[in-house]
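The values are calculated or read from the model by the stated rules, or taken from the named source; none is laboratory data. A quick note: this is a predicted structure, and the numbers were derived from the prediction, not measured. Quick reminder, even Gly has a Cβ in these numbers, built from the backbone with ideal geometry, and neighbours come from all protein chains shown.
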Amino acid sequence: MSALLEVNNITKMFPKVRANDGVNLVVEEGEIHAILGENGAGKSTLMNIIYGLYRPDSGELKFNGEVLNLSGPHEAIEKGIGMVHQHFMLIPVLTVAENIVLGAEPGGISYNKKKANELIREISRNYHLEIDPDAKVKDLSVGLQQRVEILKAFYRHAKLLILDEPTAMLTPQETEELFGIMRNLKNQGISIIFISHKLDEVKEISDKVTVMRRGKTVGTLNTKETNEQELANLMVGREVVLRLEKSEYNPGDVVLSVKDLTVSDEQNIEKVKNVSFDIRSGEIFGLAGIDGNGQTELIEALMGLRPIKSGVIKYNNNNIEKLPTRERYKLGISYIPQDRQQEGLIMKFSVADNLILKEYKNSQYSKNGVIQYKRVFENASKKVEEFDIRPTDYNLLAGNLSGGNQQKIILAREVGSNPKLLIAVQPTRGMDVGAIEYIHKRLLQLRDEGSAILLVSLELEEIMSLSDRIGVIHNGVIMDILDGKSATREKIGLLMAGSQIEAKKVEV
Amino acid sequence: MNKILKSIYMPILAVIIAIIIGSIIMLVTGFNPLAAYASLFIGAFGTLPNIANTLANAVPLIITGLGVAIAFNAGLFNIGAEGQYWIGAIVATWIGYSFKGLPWYIHIPFALIGAMVAAGLWGGIVPGFAKAYTGAHEVITTMMMSYVAIYFSHYLLEFGPMMEKGSVPQSPLIKDSAIIPTILRNTQLSYGIFIAIAAALFVYWLMYKTVWGYEMRAVGFNQRASKYAGMNVPLNIVLSLSLSGIFAGLAGAVQILGVQHRLYDSFTSGYGYTAIVVALLAKNNPIGVVFSALLFAALGTGSQYMQLNAQVPGQLADVITGLIIFFVAADKIIEVLKSMFKKQKKEELAS
C-alpha cells in the first residue's frame, strides 16, 4: 500500500481562530480513514482544504505523490477527489441521472439522456450501488439520495471519497447499508475519509483513526488497537465517562398523560395521529424517530405553541391542552427546544437576560413591572457557576458564547428551575463529547430527583443510554413503546422505518 | 466605560468620515472646508441665541427619534413617524385653540396627552394590528398612514374646519394657556427641551429596566424565541408601534405648543424622516438619540449661517447628512475598510 493523500503541516487561520494548526494526515490507498473530533476541532476546515474550497495559509497537500495547489473544487474533482457533504447538494425535481451528470453532461449541445443513463448503470454496477437513473431525487429516501451523491463522485472518477458525517441523517439500517457500500468500495481500492463524532461507528468501519482537537491532529491510531474510551479521551483531552451510571428505575405517579392526540401542520396535514402515552415522575421517556416524523408538531402541541386538532393532554391530572404556553411553564413544565439559537435564546440579549427569559414576569425578578436587576444578576452569577457557563461574565451577549455554552444557558434556565416535567428536544445536538457527558449527567440527576422527562432525540445511542422507556414515532404514529433495558438497536430501527411486522419478527 | 466607548465608536467614525468626504467635495468645488466648518460650528454653537436655536431644533428630533427608536428596538421599521407627528400637531392645535379658560397646568397636559393618544392610535392600531394579525408589512402601512395624515392636515387647513378666517391656510393661534413658554427671549427654545430630555430618560428606563421593555426588545430580536418563551408576540407588536406613535405625536404637540403656536399648511415637517436617521445614528439607544438629534439640529442651524458667512451653499449640510446616513446604514463598509487597513499593516510588517 502506498500513500494516496498526504497532508503535511497544514495551517489555516480564520480571524481570531487557528482552525487548522500544523495538521498532518496520511491516507493510504484502499483504506477507510476516520477523522474524529469534537465540533470546532477543525475537521470540516481540513476537508474543505483537501476539497479545494479553502486555501491553506501554509503547509502542503500531496495526492498520488504530486503536490496539489488547488484553486477550487473543480480541480480537486479533476484530480480524483470526491466529497459528499453532510447536507446533500442535489436538485430534488431532477432525476437521479440528471443530478449525477450535472455539470459534466455527456453529449454535445443537446443532453444525451440515453448515454447518461447507460453510464450511470455501468458505474452503479461496477461499484454495487443499485439505483434507478430515471427516478426523481425528491422521491428517494435519504439513504438513496446519499447514494446519488456517492455516484456523483464516481461519475467524475473519484479515487478518494470524503464522507462528511454521512450517518447523521440515516436510520440504523441505512447506516449498515452505507457501511456495506463503504467496505465494497474499499475492496475496489477506493480510499475513504470518514468524518464522524460517533465513536461506535468509527470503531466499526474504519481501518485507521486520526483524532483532531482544537485544530491539531493529536494522533493517528490503528482502529483495531484502540478502544472507544481511548478515542474519547484523545478527542476531549481528558478522562471522559462514556457510560453513565444510571440508578434504579423507580417511577412514581403519572405526570404527563397524552391521549389520542392529533395535530395538523400549517397545510392542515395531520402530522401527529392519535398519539397516546404517559410519562411518570422519576422516568425518562425517550421518543425515537427519524427527523420529520411528527416530533416537532407533537412537542409544539404539548407546549401550547401549536393548536391541537383533537385529543387530551393531562398534566398532573389536569387538562392543559387549552392553556397558553406561559401558563404551562408556570405549572412547572420546562422545555429545551431543538434550535437553541432560534427558539431557546435571544442571541442579542445578555446571558443574565436569557437566564430569566421565562421568569422575568415572576415576582422573583420583577416588581410592579420593573425588573429587579439585582436579583437577575444574583441569579445569573449563581447559574453561571453551577452550570459552568464560560466565559463567566454574564453581561456578555449570548451570541458571543460557544454553542456548548449557549446550550448550558438553556440548561441552567430549564433544569435549574427544578421542573416537574422537562421536555428536552435534541438537548445534545451539535455538542461535543464533554458537553454531552455533562448534559446527560444533569438529565439523569433530574430524573433521580423525581422529575418526568420527555427526551426527543435523533441519536439512537442517546435515547438508548438514557431512557427508561422508549416510544418510537413513525409518520405521526407511535409504533410501539419499548422497555428501555431490553430494546435493541435493530428493533428500534425497524420501528423507526415504519415496519411493525418485521419488528415483531425480530422480537420472536 | 469601555463598553460605552465601543458602542459609540462606530457612529462617531461614520460622522468623521462624512465630514472628511464633505471637505473633499468642498475642495473640489472650490470652497475652503476649514472656513466652512468653522462657520458651520459658529452658526450652531457660536452665540447663546445660536445654541438656543440649535437646542430648539433638537427638541422635535429627540422626541420623534425616541419614537422611531422604540419601534426599531422592537424590530419594527416605523417610517411613518412623520404622519404620527402631524396627527399629534393637529390634535394639540385643536385642543390648544378650542378650549377657553383652562389654567395652563390643565391645558398643556391636556393637549399633550390628547396628541399622544391620537398619534398612538394612528400609528399603533392600524399598522400594528395589520402587522400582527395579517402580516402586512409595517413599512408600507406606516408610510401610507403617514400620507393620509399629511393630506388630512391639508384638508383641515385649506378651507376645512381648522382654517382660520381669511385666506391664509393656517389654523387659529392656540390660547395663551396652552403655550409652553420660551426660555430665552427671541429664540425658539421653550421649556419643551425638558420634556424631550425627560422623555429620553423615560424611554431608556422603559426599554431597559421594565418588563415591558424586556418583552419588546425580545420580540424585536427574535420573535420565534419570544413565542417559545410564552410571550404574546402580536400584542407586543401592536404595543410597540403604538408607543412609537405616541412619542412622534408628542413631538408634534410640543412643537405646536412651544414653537409654532398654530398649525401651518406644509407638505412636510421633515422631523419624522430625520428622526429615522437620528435613531439609526444612535443605534436605537434613547440616550444616544439625544446626542444624535443634537448633531442633526446643529447641522441644520449651522448650515444657514454657513451659507451667509462662508458663501458655502447650505445644501452642503444636507450632503454631509446624507453621507452620515450612508455610513451609519452601511457600517459594514467601515468594518471592511478597517479590516483592509489592518491587513495591509500586517503585510507591511510581514515583508
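Which one is surrounded by the fewest Cβ atoms within 10 Å (Cβ to Cβ) among residues in the range B:167-215 that are more than 14 Å from chain A (Cβ to nearest Cβ) and under 15 Å from residue B:246 (Cβ atoms)?
Out of the qualifying residues, it is B:198.
Inside the range A:324-439, counting only helices (runs of 4 or more DSSP H) that do not spill past its ends, which hold 3 or more residues that are under 24 Å from residue A:237 (Cα atoms), of a type outside the set (Lys, Arg) and within 19 Å of the chain's Cα centre (by Cα)?
Output list reads A:403-415.
Do the conditions hold for residue B:150, that is, is it in a helix (DSSP H, G or I), of a type in the set (Val, Ile, Thr) and touching a residue at least 60 places away in the same chain (Cβ under 8 Å)?
Here the answer is yes, as residue B:150 does meet what is asked.
Kindly indicate whether any position in the range A:151-166 is under 30 Å from residue A:41 (Cα atoms) and of a type in the set (Asp, Glu).
Yes, because at least one residue in the range A:151-166 is under 30 Å from residue A:41 (Cα atoms) and of a type in the set (Asp, Glu).
From the list A:246, A:259, which one is within 30 Å of residue A:449 (Cβ to Cβ) and modelled with pLDDT under 90?
Testing whether each residue is within 30 Å of residue A:449 (Cβ to Cβ) and modelled with pLDDT under 90 leaves just A:246.
Looking at the range A:49-56, is at least one residue of a type in the set (D, E, K, R) and over 20 Å from the mean Cα position of the chain (by Cα)?
Yes: one or more hits.
Scan A:367, A:361 and give me the residue that is of a type in the set (D, E, K, R), more than 7 Å from chain B (Cβ to nearest Cβ) and farther than 15 Å from residue A:393 by Cα.
A:367
Take the residues of the range A:320-343 that are hydroxyl-bearing (Ser, Thr, Tyr) and farther than 21 Å from residue A:476 by Cβ: which is farthest from the other protein chains (Cβ to nearest Cβ)?
In this case the residue turns out to be A:334.
In the range B:297-326, what count of residues is obtained for those that are crowded, with 19+ Cβ neighbours inside 10 Å and under 13 Å from residue B:14 (Cβ atoms)?
Summing the residues that are crowded, with 19+ Cβ neighbours inside 10 Å and under 13 Å from residue B:14 (Cβ atoms) in the range B:297-326 gives 4.
Report yes if residue B:21 is in contact with a helix residue (DSSP H, G or I) (Cβ under 6 Å, 6 or more places away or on another chain) and of a type in the set (A, V, I, L, M, F, W, C), otherwise no.
yes
Of the residues A:390, A:447, A:375, A:442, which is within 14 Å of another protein chain (Cβ to nearest Cβ) and among the basic types (Lys, Arg)?
The match here is A:375.
So in the range A:298-314, with the set limited to residues that are of a type in the set (Gly, Ala, Ser) and either in a loop (DSSP other than H, G, I, E, B) or within 14 Å of another protein chain (Cβ to nearest Cβ) (or both), which one is nearest to residue A:426 (Cα to Cα)?
A:301
Regarding residue A:37, is this residue touching a helix residue (DSSP H, G or I) at 6+ places or on another chain (Cβ under 6 Å), touching a residue at least 40 places away in the same chain (Cβ under 8 Å) and closer than 30 Å to residue A:405 by Cα?
yes
Condition test on residue A:87, is it at positive phi and out of contact with any Phe, Trp or Tyr (no Cβ under 9 Å at 6 or more places or on another chain)?
Against the criterion (at positive phi and out of contact with any Phe, Trp or Tyr (no Cβ under 9 Å at 6 or more places or on another chain)), residue A:87 does not qualify.
Looking at the range A:58-79 only, could you name the residues that are farther than 20 Å from residue A:150 by Cβ and either surrounded by 15 or more Cβ atoms within 10 Å (Cβ to Cβ) or aliphatic (A, V, I, L, M) (or both)?
A:59, A:61, A:62, A:64, A:67, A:68, A:70
Residues that are at pLDDT 90 or above, in contact with a Lys or Arg (Cβ under 9 Å, 6 or more places away or on another chain), surrounded by fewer than 22 Cβ atoms within 10 Å (Cβ to Cβ) and farther than 26 Å from residue B:212 by Cβ: does the range B:78-98 have at least one?
The answer is yes; a qualifying residue exists.
Tally the residues that are facing chain B (nearest Cβ under 7 Å) and over 15 Å from residue B:207 (Cα atoms), restricting the search to the range A:348-358.
Going through the range A:348-358 one residue at a time, the tally reaches 2.
Going by the conditions given, is residue A:295 within 27 Å of the chain's Cα centre (by Cα), within 13 Å of chain B (Cβ to nearest Cβ) and closer than 27 Å to residue A:442 by Cβ?
no
Pick out the one residue from A:137, A:142, A:148 that is in contact with a Pro (Cβ under 7 Å, 6 or more places away or on another chain) and under 30 Å from residue A:112 (Cα atoms).
Going through A:137, A:142, A:148 in turn, just one is in contact with a Pro (Cβ under 7 Å, 6 or more places away or on another chain) and under 30 Å from residue A:112 (Cα atoms): A:137.
Does residue B:9 qualify as being among the aromatic types (Phe, Trp, Tyr), farther than 17 Å from residue B:292 by Cβ and part of a helix (DSSP H, G or I)?
So residue B:9 does not fit the description; no.
Residue A:317 passes all but one of (1) surrounded by 14 or more Cβ atoms within 10 Å (Cβ to Cβ); (2) of a type outside the set (Lys, Arg); (3) away from chain B (no Cβ under 14 Å); (4) on the phi > 0 side of the Ramachandran plot; which number fails?
Here residue A:317 clears every test but (1).
Tell me whether the range A:280-294 contains one or more residues that are outside any loop (DSSP other than H, G, I, E, B) and surrounded by fewer than 18 Cβ atoms within 10 Å (Cβ to Cβ).
Scanning the range A:280-294 turns up no residue that is outside any loop (DSSP other than H, G, I, E, B) and surrounded by fewer than 18 Cβ atoms within 10 Å (Cβ to Cβ).
Hey, residue A:478 hits all of (1) under 22 Å from residue A:245 (Cα atoms); (2) aliphatic (A, V, I, L, M); (3) at pLDDT 90 or above but one; which does it fall short on?
(1)
Taking the criterion of being at pLDDT below 90, crowded, with 17+ Cβ neighbours inside 10 Å and of a type in the set (Phe, Trp, Tyr), would at least one residue in the range B:5-22 satisfy it?
Checking the range B:5-22: not a single residue is at pLDDT below 90, crowded, with 17+ Cβ neighbours inside 10 Å and of a type in the set (Phe, Trp, Tyr).
Could we say that residue B:114 is in a helix (DSSP H, G or I) and surrounded by 18 or more Cβ atoms within 10 Å (Cβ to Cβ) here?
yes
For the range B:216-251, which positions are at the interface with chain A (Cβ under 10 Å from one of its Cβ atoms), aliphatic (A, V, I, L, M) and within 22 Å of residue B:122 (Cα to Cα)?
Residue satisfying the conditions is B:219 alone.
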